Amino acid sequence: MTSQLQQPVVRHSPSRGPGSADVWGIYEPDTGSIQYVCADPETKKAALIDVVWNFDPKHYATSTTSMDQVLDLVKAEGLTVEWVLDTHPHADHWMASAHLKERTGAPNAIGEKVKEISGIWAELYNLPGAFDPERDFDRLFADGDTFKIGNLDVRVILSPGHTLGSITYVVGDAAFVHDTLMYPDAGTSRTDFPGGSAAVLWDSLQTILSLPAETRLYVGHDYGTSERDEPMWEATVAEHKAGNIHVKDGTKREDWIAIREKRDATLALPDRILAALQVNLRGGRLPAPEADGHFYLKLPLNRFGSYDEQDPPHVA
């Protein structure tokens, strides 16, 4: 039997009443990403959150399969897209932001600290001036900003640590918490990318876990566990505080930081990161085509560790 972790699983979490959103999670199996549609059941206005533009690092080829699936769901549910949102510049997948803006006409947005992240990566790529978030996003949210999805109030919380500019969207009793928490049986997210910090992520986690106990938290990724082969992404604040293997009630800050940093030291770069950030820091756009009409990416060498001779490249 094929694992559900290899399938594009879709689940609906219905509104709980006035002020509560309808939420659909759409699992993208290649990167373990969860894409979200968050809608006001009264007006049928919706936001698309962290949608994937598929990229195959084995063939350096792209596909719109995932965003097409999301837009098909939007059409089937009779929704109108009002916002295209991302929580941060993703390291593991290409964001579909620019494509979705073009296809829906809705404005796209991300956190304002993406400007600082752009500066870090412009230096790493040696691409001065390549990234301009004010050009590529219609709205750059600051901590505490508010806006609406239909009649639903949305509040932005700066929640850095995974990146220095990650944000959380709180929509009534739902919060889209990206790469902070994982599902309770998987713990929390890594903090070793440039600009990341375990100590800072701890503070962000405490802010998220201070939301009302019944708040539905929607995480950015799931990879299953040795005991679970189906993707999971929704749990309440109360469920995380009772059972998250890294940050349940009683966890000490210094213990969590030590565990997180020890774990992060063993992790390799995601296989899409060096391609993804060049696209995502342009709002999901490719660099300009060159004289031959084709698109090219730039990859920095020997900036993120040394070659491991015990794990040579496969040649057959």
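The values are calculated or read from the model by the stated rules, or taken from the named source; none is laboratory data. Quick caveat, the model's predicted, so the values are computed rather than measured. So basically every Cβ, Gly included, is an ideal-geometry build from the backbone, and we count neighbours across all protein chains shown.
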Self-check item: Total residues in region 75-97, condition buried (at least 20 other Cβ atoms within 10 Å of the Cβ) and assigned to a helix (DSSP H, G or I)
Solution: 1
Practice problem: Confirm whether Leu85 is under 19 Å from the mean Cα position of the chain (by Cα) and closer than 18 Å to Pro287 by Cα. | Solution: no
Quiz prompt | Matching residues in region 237-273 - criterion: being surrounded by 12 or more Cβ atoms within 10 Å (Cβ to Cβ) and outside any helix (DSSP H, G or I) | solution = Asn244, Ile245, His246, Val247, Lys248, Thr251, Leu269, Pro270, Asp271, Arg272
Practice problem: Can you work out which of the residues in region 98-127 that are assigned to a strand (DSSP E or B) and not polar (S, T, N, Q) is surrounded by the fewest Cβ atoms within 10 Å (Cβ to Cβ)? | Solution: Ala109
Quiz item: Quick check: is even one residue across region 142-150 buried (at least 21 other Cβ atoms within 10 Å of the Cβ) and among the polar types (S, T, N, Q)?
Solution: no
Practice problem: Please note which strands (runs of 3 or more DSSP E) are completely contained in region 14-62 and include at least 3 residues that are at pLDDT 95 or above and either among the charged types (D, E, K, R) or under 19 Å from Glu77 (Cβ atoms) (or both). | Solution: 22-28, 33-39, 45-49
Quiz prompt | In region 28-74, the residues that are small (Gly, Ala, Ser), crowded, with 18+ Cβ neighbours inside 10 Å and out of contact with any Phe, Trp or Tyr (no Cβ under 7 Å at 6 or more places or on another chain) | solution = Ser33, Ala39, Ala46, Ser66
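Of the residues that make up region 65-84, is at least one acidic (Asp, Glu), in contact with a Pro (Cβ under 9 Å, 6 or more places away or on another chain) and touching a residue at least 60 places away in the same chain (Cβ under 8 Å)?
Of region 65-84, the ones acidic (Asp, Glu) are 68, 72, 77, 82.
Subset that is in contact with a Pro (Cβ under 9 Å, 6 or more places away or on another chain): 82.
Filter once more, keeping what is touching a residue at least 60 places away in the same chain (Cβ under 8 Å): 82.
Yes, because at least one residue in region 65-84 is acidic (Asp, Glu), in contact with a Pro (Cβ under 9 Å, 6 or more places away or on another chain) and touching a residue at least 60 places away in the same chain (Cβ under 8 Å).
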